[in-house]
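Following: one structure in structure tokens, then a few remarks.
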Amino acid sequence: MKPQRSTAMQQLIKQVREAMPFDLPEAHLCSGQCNGCSQKLLDYLDSELEDWEYRLKAGELPDFGEIQRVAKTSKKIYKVLQRNGLIQKM
């Protein structure tokens, strides 16, 4: 059985928060190779996740397209952070 849409979004947010280096100091984010501004990408993603956390607490139910959009954006940012050397490839 598939999870409810709100549960799916909460699980996605949890996975993204665990996988992304939101707690890295700015000095580490902006050193070495840069294929996109890691700081700006993480700030953007953090604000998107915070927005959805707020909306879920307010009782809003995301549709499948919104869940997919957050997942796709997160994957793209994850790949940029890998290219920038902030996340090690497994």
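(i) 13.9; (ii) 14.7; (iii) 13.1: which one is Kirkwood radius over Cα pairs in Å as calculated from this entry? Here the calculated entry is (i).
What does the charge add up to near A19, with Lys and Arg as +1, Asp and Glu as -1, over the other residues with Cβ less than 15 Å from its Cβ? Charge balance in the 15 Å sphere: +3. Label-to-label distance for K14 and L61 is 2.1 nm, based on points extended 7 Å past Cα in the beta-carbon direction. Computed from Cα positions, the angle between helix 64-83 and the longest principal axis of the chain comes to roughly 10 degrees.
No value in this document is a laboratory result; all are computed from the given coordinates. These numbers come from a predicted model, not from an experiment. Because the Cβ atoms are built from the backbone with ideal geometry, glycine has one as well, and the counts that use them run over all protein chains shown.
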